[in-house]
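Asker: Take a look at this one; I'll ask things after.
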Amino acid sequence: MERALELRVVEKAAASEGVVTLTLARPDGGRLPDWAPGAHVDLILPNGDTRQYSLCGDRWDAHTYRVGVLREPAGRGGSAYVHDELRPGDLVGVGGPRNNFPLVPGERYLFVAGGIGITPLLPMIRQADLLGADWTLVYGGRTRASMAFLAELEAYGERVHVVPQDEFGLIDLPRWLAEPDPATKVYCCGPGPLLDAVERGCSGWPEHALRTERFVAREQGAPARSAPFDVELARTGRTVTVTPDVSVLDAVGRAGVEVLSSCRQGTCGTCETDVLDGIPDHRDSILDDAERAAGDCMFVCVSRSLGDRLVLDL
Amino acid sequence: MTTATIPATGIDPFSPEVLADPLPFQAWLRDAGSVVHLATHDVYAFARYEQVHAALVDWQGLQSAAGVGLSNFRFEKPWRPPSLLLEADPPRHDAPRRVLSGILGPRALRRLRERWFADAERLVDELLDGPDEFDAVPALAEAFPLRVFPDAVGLGPDGRENLLPYGNHLFNAFGPPNALVEAGNGRAAELAAWVGAQCTRDALSGDGFGAAIWAASDRGEITPEQAPMIVRSLLSAGVDTTVHGIAAVLHAFATHPEQWRRLRERPDLARVAFDEAVRWQSPVQTFFRTATRDVEIGGTVIPDGSKILMFLGAANRDPRRWTEPDAFDLARDPSGHVGFGMGLHQCVGQHVARLEAEALVTALAARVSSIEQVGDGERHLNNTLRAWASLPLRVHRA
Ligand code: FES
């Protein structure tokens, strides 16, 4: 029986003051969907909250995902839940991985991280290193103790510049961005003010040199449902109930309406189905943000419904 | 377990006899064990669905970058620069794959749908103005992809006849250097040069897949050096495979009249029909991988650097996975077949192939009440592809 991806927290560890890492694996030990640096997953917490976290583990390990979670005192409770409630052994729903922040080819990279913004950059750094690219990381944070993954980064030696604010102040961006270099890609992730400053600093750089990902608390829609929902098949007029333990694909199939599928992971696109009414809970790796917001199609092997009812063109 | 204790055979899967009718050999392989040693080429064979599927998704343990043919790029120089998609693994595979899957994704193809359906209707109309009997290989299976695909890529009008021989040689070259490869070697350089010349920005129209690839390089998503290589991948893998997939679905219907009747009643089964035909005939029969370390498969250790031959066609007919696998049956859910591969390297053009086939099958279903195959037809032998040289059909107009 197929169900939406549900992973077990196999390890929860402190990475620094205020940051924990979660290691997630399938309860049956199976392979997880592939991902590339810059990808994030949606974690659907047991309380129904959905939060996005960048994958910062090792893609050569097909069996676990790792994410870093910062406790955000001003947050809406998702990070507090992870820090205070979530325990090894708990199950969390997972959507994606999706990637809005891919690593493009480059001879040189300048990585600029602010705080927890280091997470998507970690696998990028490893990859840049593997490819033999020339790269530099400038990593700022409040204090050394608050900055996660410093021990891991130490192995890279002088390429890594650690800039705790209480020791050195803010990252000296003019120093790093003064000379536009057509062979360098600038990757930046972190809080809004850092991104704004890097954007300003790159104004004289070639177009497309700068790539950023903003950690913003996105407008939270309806929480993911843990209750069953109905799917109405418009062409046949039938309605099927989708319980939490089955995918829409399988529920529809059991009602005798087969949808072609292939990967069953939301990565290949084969099972695309038009949505006529209702709001899909997208868990695929395919749609970009605009397409997700449009809500007019979904990948029924993994995606579900936010409301009581979805109407599909089947 | 060691090599000495696993089942082995001296039969050459690339011999003309096996290529002409691979099914008995594949059945033997499946039954012999989960891993079989092929002594003729000193490679390991997977023919059961479970192992083929597992091998396809395990890019970490079984790499593509050492070549997906018999030739091992760790030790041998490839005959052409390796493909950035087919013959690459992460991290080098990422950017080209990402760009191409965006351009060929189901959402992006929506704009082609209407045009291709209209093109298919026109082609079928033209065909049905002629005699009732025809060879479906040139008349449909080749004609339709060659009508729509090069335009969609943005190729110029001249030299398109080179596409099929180029693809044919490329797919032969994944096998051992046998007579099929020798026969193609004479023109290989000339065809590769022609294909290469079509991949430059100037050679491509401004509105096709090719231009979209170049536009991605303008945005820095791939490099200007990668762009022509990615266009080349489209031209290499996008033509022959679709041609043989379409021939497969036509052959399936021509030999299963009850399935044609069913399709006529429910034309929306055209999509299922194509995937079922891809499962049933597996136009791409085999691909190789190379072990990146000693890997254990079903109790057998495959040594680092060994070539593994995955029999997609055998997996698609494995009775451990499919009920009555030899039947072409529209009531079956063919989902999960490995005819397009699986995982990271799964055919990036699968939605293009499906759309082409769906358009053509839908147009035929509207105009033709029955199709029959006239005689046995003639197989076209290729080291990788299962194909028809000639598929004589007779149709009755609706
Ligand atoms: S089957 Fe691949 S996306 Fe749903």
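Asker: With unit charges on the beta carbons (Lys and Arg positive, Asp and Glu negative) and the dipole taken about the Cα centre of segment B:250-398, which residue among B:GLY299, B:HIS337, B:PHE274 sits farthest to the positive side?
Answerer: The residue sitting farthest along the positive end of the dipole is B:PHE274.
Asker: With charges set only on the Cβ (+1 for Lys and Arg, -1 for Asp and Glu), what does the dipole of the protein assembly as shown come to about its Cα centre, in debye to the nearest 20?
Answerer: Details: 71 positive and 96 negative charges, 124 e Å.
Here the size comes out at about 600 debye.
Asker: Can I ask one more? If you take all C-alpha pairs in segment A:14-151, what percent of them are over 26 Å apart? Let's see the in-between values first.
Answerer: On the way: 2226 of 9453 pairs.
Looking at segment A:14-151, the distances longer than 26 Å represent 24 percent of pairs.
Asker: Rounded to whole Hz and in sequence order, give me ³J(HN,Hα) for segment A:142-152 from the Karplus expression 6.51 cos²θ - 1.76 cosθ + 1.60, θ = phi - 60°, writing x for Gly and Pro.
Answerer: 5, 9, 3, 5, 8, 9, 7, 6, 4, 5, 5
Asker: I'd like the per residue volume of the convex hull spanned by the Cα atoms of segment A:206-286, given in cubic angstrom. Kindly include the intermediate steps, with their values, before the conclusion.
Answerer: Values: hull volume 12.9 nm³, N = 81.
In segment A:206-286, the Cα convex hull volume per residue is 159 Å³.
Asker: From the backbone phi of segment B:189-205, what are the Karplus-calculated ³J(HN,Hα) couplings (6.51 cos²θ - 1.76 cosθ + 1.60, θ = phi - 60°) in whole Hz, Gly and Pro given as x?
Answerer: After applying 6.51 cos²θ - 1.76 cosθ + 1.60, I find 5, 5, 5, 4, 5, 4, 4, x, 5, 7, 8, 6, 4, 5, 6, 9, 5 Hz.
Asker: For segment B:195-280, I need the span (max minus min coordinate) of the C-alpha atoms along each principal axis, in Å, sorted largest to smallest.
Answerer: Over segment B:195-280, Cα extents along the principal axes are 51, 22, 21 Å.
Asker: For the Cα atoms of chain A, what angle does the longest principal axis make with the long axis of helix A:118-130, in degrees from 0 to 90, nearest 10?
Answerer: Rounded to the nearest ten degrees, it is 70.
Asker: For segment A:168-185, list residues with backbone N below 19 Å from a point placed 7 Å from the Cα of A:ALA74 toward its Cβ?
Answerer: A:170-171
Asker: Still on this model: Just to be sure I understand: if I project the alpha-carbon convex hull of segment A:107-208 onto a plane and average over all orientations, what area do I get in nm²?
Answerer: Dividing the Cα hull surface by four gives the mean projection, 6.1 nm².
Asker: Also, quick follow-up: State to the nearest 20 debye the size of the charge dipole of segment A:170-216 about its Cα centre, where the only charges are +1 on K and R beta carbons and -1 on D and E beta carbons.
Answerer: On the way: 5 positive and 7 negative charges, 20 e Å.
That gives a dipole near 100 debye.
Asker: Moving on to the next point. Starting from the Kirkwood Rh over alpha-carbon pairs, what translational D in µm² s⁻¹ does segment B:143-231 have by Stokes-Einstein at 4 °C and 1.567 mPa s?
Answerer: The estimated diffusion coefficient comes to 92 µm²/s.
Asker: Per the helix-only calculation at 222 nm, which mean residue ellipticity applies to chain B, given -39500 (n - 2.57) for every DSSP H run of n ≥ 4 and division by its residues, nearest 500 deg cm²/dmol? Don't skip to the end; give the middle numbers.
Answerer: Details: 15 runs with 179 residues, N = 398.
After summing the helix terms and dividing by the residues of chain B, the value is -14000 deg cm²/dmol.
Asker: Here's something else I'd like to know. Can you pull the one-decimal nm distance between simple spin-label points at A:ASP129 and A:ARG200, each 7 Å off the Cα toward Cβ?
Answerer: Output for this residue pair reads 3.3 nm.
Asker: How large is the translational diffusion coefficient of segment B:59-112 in µm² per second when you combine the Kirkwood radius over alpha carbon pairs with Stokes-Einstein at 10 °C and 1.306 mPa s?
Answerer: Values: Rh = 12.5 Å.
Here the translational diffusion coefficient equals 127 µm²/s.
Asker: Let me ask another. Test of the criteria: in segment B:190-239, which GluC sites (Glu not before Pro) are in a DSSP loop and have at most 15 other Cβ atoms within 10 angstrom of their Cβ? Please report the intermediate quantities before stating the final value.
Answerer: Numbers: sites: B:GLU190, B:GLU221, B:GLU225; in loops: B:GLU221, B:GLU225.
Hits after loop and neighbour filter: B:GLU225.
Asker: Decide, for segment B:112-194, between rounded, prolate and oblate: order the square roots of the alpha carbon gyration tensor eigenvalues as a ≥ b ≥ c, take rounded if a/c falls under 1.5, and otherwise choose prolate if a/b is larger than b/c, else oblate.
Answerer: Working: a/c = 2.81, a/b = 1.74, b/c = 1.62.
Since a/c reaches 1.5 and a/b is larger than b/c, the shape of segment B:112-194 is classed as prolate.
Asker: Choose one of B:ALA227, A:TYR53, A:VAL19: the residue whose Cα lies farthest towards the positive end of the charge dipole of the protein assembly as shown (beta-carbon charges +1 Lys, Arg; -1 Asp, Glu; about the Cα centre).
Answerer: Looking along the dipole axis, the top candidate is A:VAL19.
Asker: At most 16 other Cβ atoms within 10 Å and a DSSP loop assignment: could you name the trypsin sites (Lys or Arg not before Pro) in segment A:126-171 that fit? It would help to have the intermediate numbers written out before the result.
Answerer: Working: sites: A:ARG126, A:ARG142, A:ARG144, A:ARG159; in loops: A:ARG142.
Answer in residue order: A:ARG142.
Asker: Taking a spot 7 Å from the Cα of B:THR5 along the direction of its beta carbon, which residues of segment B:255-297 have an amide N less than 20 Å from it?
Answerer: Within reach of a label on B:THR5: B:294-297.
Asker: When the dipole is taken about the Cα centre of chain B, and only Lys, Arg (+1) and Asp, Glu (-1) are charged at their Cβ, what size is it in debye, to the nearest 20?
Answerer: Working: 39 positive and 50 negative charges, 178 e Å.
Computed about the Cα centre, the dipole is about 860 debye.
Asker: Separate question: Given 4 °C and 1.567 mPa s, compute D for segment B:225-367 with the Stokes-Einstein relation, Rh being the Kirkwood radius over Cα pairs; round to the nearest whole µm²/s. Let's see the in-between values first.
Answerer: Details: Rh = 16.6 Å.
After rounding, the answer is 78 µm²/s.
Asker: At what distance in nm do the modelled label points of A:ASP166 and A:LEU276 sit from each other, each positioned 7 Å from its Cα along Cα→Cβ?
Answerer: Going by the 7 Å Cα→Cβ label model, 6.1 nm.
Asker: I would also like to ask the following. Based only on Cα atoms, what mean projected area does the convex hull of segment B:1-140 have, in nm²?
Answerer: If you wrap the Cα atoms of segment B:1-140 in a convex hull and average its projections, you get 13.4 nm².
Asker: Counting only other chains, what is the mean number of Cβ atoms within 10 angstrom of the Cβ of each residue in peptide A:268-276?
Answerer: Counting other chains' Cβ atoms within 10 Å and averaging over A:268-276 gives 4.
Asker: Would you mind calculating the gained length between A:GLU6 and A:THR64 on full extension (0.36 nm times residue separation, minus the Cα-Cα distance), in nm to one decimal? Walk me through the intermediate numbers first.
Answerer: Details: separation 58, 0.36 × 58 = 20.88 nm, distance 1.24 nm.
Once the chain is fully extended between A:GLU6 and A:THR64, it gains 19.6 nm.
Asker: Note down the relative contact order for chain B as a percent, whole number, built from C-alpha pairs under 8 angstrom at least six residues apart.
Answerer: On the way: 684 pairs, mean separation 105.2, N = 398.
Here the relative contact order equals 26 percent.
Asker: What do you get for the angle between helix A:192-201 and the principal long axis of chain A? Use alpha-carbon atoms, 0 to 90 degrees, nearest ten.
Answerer: Once rounded, one gets 60 degrees.
Asker: Relative contact order of chain A, please, whole-number percent, based on alpha carbon pairs below 8 angstrom and at least 6 residues apart. Intermediate results must be reported in sequence, preceding the final value.
Answerer: Details: 677 pairs, mean separation 52.5, N = 314.
Dividing the mean separation by the residue count of chain A yields 17 percent.
Asker: While we're on this one: Residues with amide H under 5 Å of A:VAL112's amide H, sequence separation 5 or more or different chain, H placed in the peptide plane at 1.01 Å from N; which?
Answerer: A:VAL138, A:TYR187, A:CYS188, A:CYS189
Asker: A follow-up question, please. Would you give the gap between the C-alpha center of segment B:178-233 and the C-alpha center of segment B:366-398, rounded to a whole Å?
Answerer: Comparing the Cα centres of segment B:178-233 and segment B:366-398, I get a distance of 31 Å.
Asker: When the Debye formula is applied to the Cα atoms of the protein assembly as shown, each taken as the same point scatterer, what base-10 log of I(q)/I(0) results at q = 0.09 Å⁻¹?
Answerer: So the normalised log intensities are -0.85.
Asker: So what does log10 I(q)/I(0) come out to for segment A:1-81 at q = 0.10, 0.17, 0.22, 0.23 Å⁻¹, using the Debye formula with one equal point on every Cα and no solvent?
Answerer: Each listed q maps to, in turn, -0.24, -0.70, -1.16, -1.25.
Asker: Which of the listed residues, B:LEU204, B:VAL361, B:VAL57, is farthest toward the dipole's positive end in chain B, when Lys, Arg count +1 and Asp, Glu count -1 at the beta-carbon?
Answerer: Highest projection toward the positive end goes to B:VAL57.
Asker: In terms of the Cα gyration tensor, with a ≥ b ≥ c the square roots of its eigenvalues, is chain A rounded because a/c is under 1.5, prolate because a/b exceeds b/c, or oblate? Please list the in-between numbers first.
Answerer: Numbers: a/c = 2.20, a/b = 1.81, b/c = 1.21.
It comes out prolate by the Cα gyration axes.
Asker: From the Cα gyration tensor of chain B, with a ≥ b ≥ c the square roots of its eigenvalues, which class applies: rounded if a/c is under 1.5, or else prolate if a/b is larger than b/c, or else oblate? Don't jump to the answer; show the numbers that get you there.
Answerer: Details: a/c = 1.69, a/b = 1.16, b/c = 1.45.
Oblate, since a/c reaches 1.5 and b/c is not below a/b.
Asker: Another question, if that's okay. Can you tell me the length gained on complete extension of the stretch B:ASN185 to B:ASP129, counting 0.36 nm per residue apart and subtracting the Cα distance?
Answerer: Working: separation 56, 0.36 × 56 = 20.16 nm, distance 3.94 nm.
Taking 0.36 nm per residue and subtracting the Cα distance, the gain is 16.2 nm.
Asker: Tell me which residues come under 5 Å, amide H to amide H, from A:ALA15 once H is placed; ignore anything under 5 positions away on its chain.
Answerer: HN-HN under 5 Å from A:ALA15: A:VAL20, A:THR21.
Asker: I want to check the label-to-label distance for B:THR200 and A:ASP308. Put each point 7 Å from Cα in the C-beta direction and report it in nm to one decimal.
Answerer: 6.5 nm
Asker: When only C-alpha pairs under 8 Å and at least 6 residues apart count, what is the relative contact order of segment B:3-75, in percent?
Answerer: Details: 65 pairs, mean separation 18.3, N = 73.
It rounds to 25 percent for segment B:3-75.
Asker: Which ³J(HN,Hα) values in Hz, rounded to whole numbers, follow from the phi angles of segment B:81-98 under the Karplus curve 6.51 cos²θ - 1.76 cosθ + 1.60, where θ = phi - 60° and Gly and Pro get x?
Answerer: Running phi through 6.51 cos²θ - 1.76 cosθ + 1.60 with θ = phi - 60° gives x, x, 5, 6, 9, 5, 10, 8, 10, x, x, 5, 6, 4, 5, x, 5, 4 Hz.
Asker: Another question, then. Past the 15 angstrom mark, what percentage of all C-alpha to C-alpha distances in segment B:315-393 do you count?
Answerer: Working: 2300 of 3081 pairs.
Beyond 15 Å sits 75 percent of the P(r) for segment B:315-393.
Asker: Using only helices, what value at 222 nm comes out for chain A when you add -39,500 (n - 2.57) per DSSP H run of length 4 or more and divide by the total residues, to the nearest 500 deg cm²/dmol?
Answerer: Numbers: 8 runs with 57 residues, N = 314.
Mean residue ellipticity, 222 nm, calculated: -4500 deg cm²/dmol.
Asker: I've got another one for you. Can you list the residues, at least 5 places off or on another chain, whose amide H is less than 5 Å from the amide H of A:VAL160, using H built in the peptide plane?
Answerer: Under 5 Å from the amide H of A:VAL160 lie the amide H atoms of A:LEU137, each far enough along the sequence or on another chain.
Every read-out reported here was derived from the displayed coordinates using simple, explicitly stated rules and does not represent laboratory data. Keep in mind that what you see is a predicted model, and the values were worked out from it rather than measured. Methodologically, a virtual Cβ is constructed for each residue, glycine included, from the backbone with ideal geometry; neighbour enumeration extends over all protein chains shown.
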